[in-house]
1. Test of understanding: among Val321, Val272, which residue is under 21 Å from the mean Cα position of the chain (by Cα) and within 14 Å of Val238 (Cα to Cα)?
2. Answer yes or no: is there a residue in the range 109-131 that is within 16 Å of the ligand (Cβ to nearest atom) and modelled with pLDDT under 95.
3. For the range 348-357, name all the residues that are assigned to a loop (DSSP other than H, G, I, E, B) and either out of contact with any helix residue (DSSP H, G or I) (no Cβ under 9 Å at 6 or more places or on another chain) or more than 10 Å from the ligand (Cβ to nearest atom) (or both).
4. Mind listing whichever residues of the range 341-392 are of a type in the set (Gly, Ala, Ser) and farther than 30 Å from Thr80 by Cβ?
5. State yes or no: is Val397 crowded, with 20+ Cβ neighbours inside 10 Å, of a type in the set (A, V, I, L, M, F, W, C), more than 16 Å from the ligand (Cβ to nearest atom) and touching a residue at least 24 places away in the same chain (Cβ under 8 Å)?
6. Name the pairs: first residue in the range 220-247 and free of Cβ contacts under 8 Å to residues at least 24 places away in the same chain and closer than 20 Å to Glu278 by Cβ, second residue part of a helix (DSSP H, G or I) and more than 16 Å from the ligand (Cβ to nearest atom), Cβ to Cβ under 7 Å, at least 6 apart or on different chains?
7. Counting only residues that are in a strand (DSSP E or B) and more than 24 Å from the chain's Cα centre (by Cα), which one in the range 101-134 is surrounded by the fewest Cβ atoms within 10 Å (Cβ to Cβ)?
8. Consider the range 272-293. How many of its residues are surrounded by fewer than 14 Cβ atoms within 10 Å (Cβ to Cβ) and among the aromatic types (Phe, Trp, Tyr)?
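The values are calculated or read from the model by the stated rules, or taken from the named source; none is laboratory data. Everything quoted here is computed from the prediction, not taken from an experiment. With ideal geometry, Cβ positions are generated from the backbone for all residues, glycine too; neighbour counts draw on all protein chains shown.
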Amino acid sequence: MLTANDPSRKTWVEVPKGSDFPIQNIPFGVFMANDDHISIGTRIGDTAIDLAALHQLGYFKDISLPEDVFLQDTLNDFITLGKPTCRQVRNRIAEIFDANNSELKDREDHKEIILFPVSELQMLMPVFIQDYTDFYSSREHAENVGIMFRGKENALMPNWLHLPVGYHGRSSSIIVSGEDVYRPMGQSLPAGSETPVYGPSKLMDFELEMAFITTDGKHLGERISTEEAEDYMFGMVVFNDWSARDLQKWEYVPLGPFLGKNFGSSISPWVVTFDALEPFRTERPAQNPEPLPYLQCASNTAYDINLEVYIQPEGGEENLVSESNHKYLYWTMVQQLAHHTVNGCNINAGDMMASGTISGPEPNNYGSMLELSWRGEKPLKLKDGSERKFLLDGDTVIMRAYCEKGGLRMGFGEVRSKVLPAKE
Ligand code: CA
């Protein structure tokens, strides 16, 4: 039972209007408080809750939990306990912070060590990511890029409508919101030239994506069906898959993305659970041709999540440059996971599966500069009068994601990262 999702529940913690973190959300993250104390926590409004302290003080005594499960610097051990246990914890947190419950509300001595203003925290990477996979599941994005790289006739490759295309990315360079990213150096082929040059990427881009985090899967050799997939999906984050288009274009044939992608990807720090997202399920797009039987899945396996991208020049204002939605994705996460494991590939708790750039049908829904500026042909105008074909050094890219339905709003917060000049 997802009692934590009760839309009528009120909390005794102050929640600012429009907050991404009402009591119905209860995401999980890892933070450092007072510059030295690392703990697993959640948040309601702008108040962070130290789950290790809650546990030590006996507030989870009716749930079977290892003593040190929240005294960790990643969520992996917690996720490994499985979704039913995580669900019990989330339900219990909702109960403790319910407006009608005074067991903690009236304990000033406990509140002092459990609650922190989020402004005083440093958010850390929420999971240890053993493996990271990036899909390519937005039809609009695949078609846009296909048209630019190969021409209109070959925009979608023949396999695209039959399987969720993906590749194995690199997890070592996934960083958390607030960490900056260096413009990468590398090889590219200048237009009209037959020999490559070496230097800082000239076409630095973001990719608006979301990623889901898995639980432990099955043994090597076994597969996870579309019916089972949701049992192995823990939660989601916003994901900015930094891309160097000039490096990518020169290197990607025949094995796909490499150095144009693996210099960095940024994630939002709070993992919003699929349990919390339950009210925001929606119909996935119709799929034609019908996928092979192992990829067929229920129609309500998409999620209505609004997505926004902002560019903030050094010292300047935020400029909204893209508005998209997770529901535009052609292939669902359930299908991605079933496809990923159909050959017997195993997954582990904390693995990250990114969606691929989430573009929508209209030009203002495009999820990358490559598409928004159409390869630089239509520069974006910013409020300060400057133009962008691709990102400049000093630009901060901010991505936000939120759901809204029937008066309930919840979200993911943001992922924010600045482009630094290439290292000499
Ligand atoms: Ca990507």
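1. Working: Val321 fails: within 14 Å of Val238 (Cα to Cα).
Exactly one residue qualifies, and that residue is Val272.
2. Going residue by residue through the range 109-131, those that are within 16 Å of the ligand (Cβ to nearest atom) are 129, 131.
Subsequent filtering for residues that are modelled with pLDDT under 95 retains none.
There is no residue in the range 109-131 that is within 16 Å of the ligand (Cβ to nearest atom) and modelled with pLDDT under 95.
3. Within the range 348-357, Asn348, Ala349, Gly350, Asp351 qualify.
4. Within the range 341-392, Ser359, Gly360, Gly367, Ser368, Ser373, Gly376, Gly385, Ser386 meet the criteria.
5. Taking the combined requirement at face value, the residue does not satisfy it.
6. So the pair list comes out empty.
7. Step one: list which residues in the range 101-134 are in a strand (DSSP E or B), which gives 115-117, 122-124, 132-134.
Filter again for more than 24 Å from the chain's Cα centre (by Cα), leaving 115-116.
Values: Leu115: 19, Phe116: 22.
Per the stated criteria, the residue is Leu115.
8. Of the residues in that region, 0 qualify.
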